[in-house]
Amino acid sequence: MDDTAAPGSAGVYASESPFLESWVQIGTAGGKVISVSFPDHPEDDHETDHPLLDRIDRYLDGVDPVTFEDVDVALTAGGDQRAVLETLQNVPYGEDVGCGQLARMTGGLSDDDEGLRTVRQALAENPAPLLIPDHRVRDGPSAAPPRVVQRLRSVEGL
């Protein structure tokens, strides 16, 4: 399912989420998602109609598991941080991992101080929380606000 913008297009889309007590805002460019955020107020020039926002609403309803593995996220991070975020995309809905486990799952990293530092930095700088599910890392930082992380975890029974 292609829930990103048409190739070559760019835009900011937002939908208010009473469940999260914030807005869900996505940025797109070149047919890829470049950002996900949870602001108190969206950007002034946002649009409201985007299939990915509808899909996120279905996810937040929690009735049926909704996943985002097929959404094309533009990652600007390189090296080990990129590898961490790519590995995190493979943690299934309803499951969580610790930072050490995520480090060991990521090729080229171990759960030593340097590996854990890399994991935590990648999580803190995640450009698309929810789509790259940093809420599934139980002992790491998230790029989303704490109240959003708590609610995303509750949707998945974590």
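The values are calculated or read from the model by the stated rules, or taken from the named source; none is laboratory data. Not measured: the values here are computed from a predicted model. Backbone-built Cβ (ideal geometry, glycine too); neighbour counts: all protein chains shown.
Figures for the structure shown
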| read-out | value |
| --- | --- |
| Restricting segment 133-154 to residues that are small (G, A, S) and over 10 Å from the mean Cα position of the chain (by Cα), the residue that is surrounded by the fewest Cβ atoms within 10 Å (Cβ to Cβ) | S154 |
| Residue check for L60: buried (at least 16 other Cβ atoms within 10 Å of the Cβ) and free of Cβ contacts under 8 Å to residues at least 60 places away in the same chain | no |
| Positions within segment 76-109 being touching a strand residue (DSSP E or B) at 6+ places or on another chain (Cβ under 8 Å), among the aliphatic types (A, V, I, L, M) and touching a residue at least 40 places away in the same chain (Cβ under 8 Å), in sequence order | L85, L88, V91, V97 |
| Segment 35-49, residues that are crowded, with 19+ Cβ neighbours inside 10 Å and under 14 Å from A128 (Cβ atoms) | V36, S37, F38 |
| From A122, A74, residue being closer than 20 Å to S35 by Cβ, touching a Lys or Arg at 6+ places or on another chain (Cβ under 7 Å) and of a type in the set (G, A, S) | A74 |
| Count of segment 92-103 residues which are loosely packed, with under 15 Cβ neighbours inside 10 Å and among the charged types (D, E, K, R) | 1 |
| Count of segment 110-132 residues which are crowded, with 20+ Cβ neighbours inside 10 Å and free of Cβ contacts under 8 Å to residues at least 60 places away in the same chain | 7 |
| Of all residues in segment 40-92 being among the small types (G, A, S) and touching a helix residue (DSSP H, G or I) at 6+ places or on another chain (Cβ under 7 Å), the one that is farthest from R117 (Cα to Cα) | G62 |
| Of residues in segment 63-75 being touching a residue at least 12 places away in the same chain (Cβ under 8 Å) and among the charged types (D, E, K, R), the one nearest to E156 (Cα to Cα) | E69 |
| For V36: the one exception among (1) among the aliphatic types (A, V, I, L, M); (2) closer than 19 Å to S9 by Cα; (3) over 14 Å from the mean Cα position of the chain (by Cα); (4) modelled with pLDDT of 95 or more | (3) |
| Some residue of segment 117-132 being acidic (D, E), within 23 Å of H41 (Cα to Cα) and either assigned by TED's automatic domain parsing to the domain that holds F38 or out of contact with any His (no Cβ under 7 Å at 6 or more places or on another chain) (or both) | yes |
